[in-house]
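Just so it is clear, none of the values below were taken in a lab; they were calculated from the coordinates. Keep in mind the model is a prediction, meaning the values are calculated, not measured. Quick reminder, even Gly has a Cβ in these numbers, built from the backbone with ideal geometry, and neighbours come from all protein chains shown.
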Amino acid sequence: MFITFEGIDGCGKTTQVKLLKSYFETKGFEVISVREPGSTKISEQIRSILLNSKNTDIGLESEALLFSSARAQIVKEVIIPSLNDKKIVICDRFIDSTLAYQGYGRGMDLKKLDVISSFAIKDNYPEYTFFIDISIEESKKRLNNASLDRMESAGNDFFTRVRNGFIELTKVNPNRIHLIDGKLSVRMIHSRIINIINRK
Ligand code: TYD
């Protein structure tokens, strides 16, 4: 089983990844959880280029390719081998982040991003994607005081486009992407996720 979590910064997906991982582990499954960009030696190096707030001059194409490149490495090194070993893989962000941030957010062509994404992931699409939706105001409130990285420093208009992008992606992929209200309690969000997985 391959599960991904998506949402704008501060939506609480990292907490949900941890809860879901321990839920499966208590049921006796082996679970691998990873985050994007990162989680392999090479992907972490790419992550530091992408998130370094001094790198203000990264071009749009370069940004999209670097995210995809970090992803290609994690797919090859971790995701494919783990799925082959019948492990459950949970990923904090995946292809929908590229479509939402680089596509809807930065305005890049969605079809082109689809092409580089499917190339990077060798067509290993997730079975379930949970999009935890919070408002821009809530995101700002939760990120308050934190030192913002290069992506988080983009303005409200950018994040509004990204959020709307995720909502649009949910409509286009209703069988895969499940929208969950991020204002619900941590426990409530977790039980919704479990219900969706058990229902299928
Ligand atoms: P991270 O600190 O991991 O953010 P979060 O904890 O909210 O997931 O930083 C990842 C940032 O990169 C985040 O702002 C989203 C952005 N991003 C993209 O723009 N495109 C992508 O394909 C991915 C995976 C992330």
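Model label points for LYS183 and LEU83, set 7 angstrom from Cα along the Cα-to-Cβ axis, are 3.6 nm apart.
Around SER43, with a cut-off of 12 angstrom between Cβ atoms, what is the net charge of the other residues, counting Lys and Arg +1 and Asp and Glu -1?
Details: positive: ARG35, LYS41, ARG47, ARG71, LYS76, ARG93; negative: GLU36, GLU44, GLU77.
Value of the local net charge: +3.
Treating each Cα of the range 1-66 as one equal point scatterer and applying the Debye formula with no solvent, the log10 of I(q)/I(0) at q = 0.16, 0.20, 0.21 Å⁻¹ comes out as -0.70, -0.94, -0.99.
Using the Cβ-Cβ distance between SER48 and THR14 with R0 set to 22 Å, the FRET efficiency works out to roughly 0.75. Taking the number of Cβ atoms within 10 Å of each Cβ as an exposure proxy, the fewest-first ranking of GLU127, GLU152, GLU6 is GLU127, GLU152, GLU6. For the set LYS18/LYS41; LYS13/LYS41; LYS111/LYS200; LYS112/LYS141, the pairs lying more than 32 angstrom apart at their alpha carbons are LYS112/LYS141.
In this simple spin-label model, placing a label point 7 Å from the Cα along the Cα-to-Cβ direction at both ALA154 and ILE196 gives a separation of 2.2 nm.
Scanning the chain for DSSP H helices at least 15 Å long along the axis (C-alpha atoms) with a Kyte-Doolittle mean no lower than 1.0 picks out 110-121. Taking the Cα atoms of the chain, the ratio Rg/Rh between the radius of gyration and the Kirkwood radius comes to 0.94.
Would you compute, from DSSP H runs of 4+ residues alone, the mean residue ellipticity of the chain at 222 nm, taking -39500 (n - 2.57) per run and dividing by the full residue count, rounded to the nearest 500? Walk me through the intermediate numbers first.
Working: 8 runs with 96 residues, N = 200.
Estimated from H runs of four or more residues: -15000 deg cm²/dmol.
Entry note, the range 2-199: relative contact order of 33 percent, from Cα contacts under 8 Å with a spacing of 6+ residues.
In what order do TYR101, TYR128, TYR23 fall by count of nearby beta-carbon atoms within 10 Å, going from fewest to most?
Ordered by Cβ neighbours within 10 Å, fewest first: TYR23, TYR128, TYR101.
Given the options GLY28, GLY12, GLY107, which has the most mean-square fluctuation in a GNM of the chain, springs set between C-alpha atoms less than 10 angstrom apart? It is GLY28.
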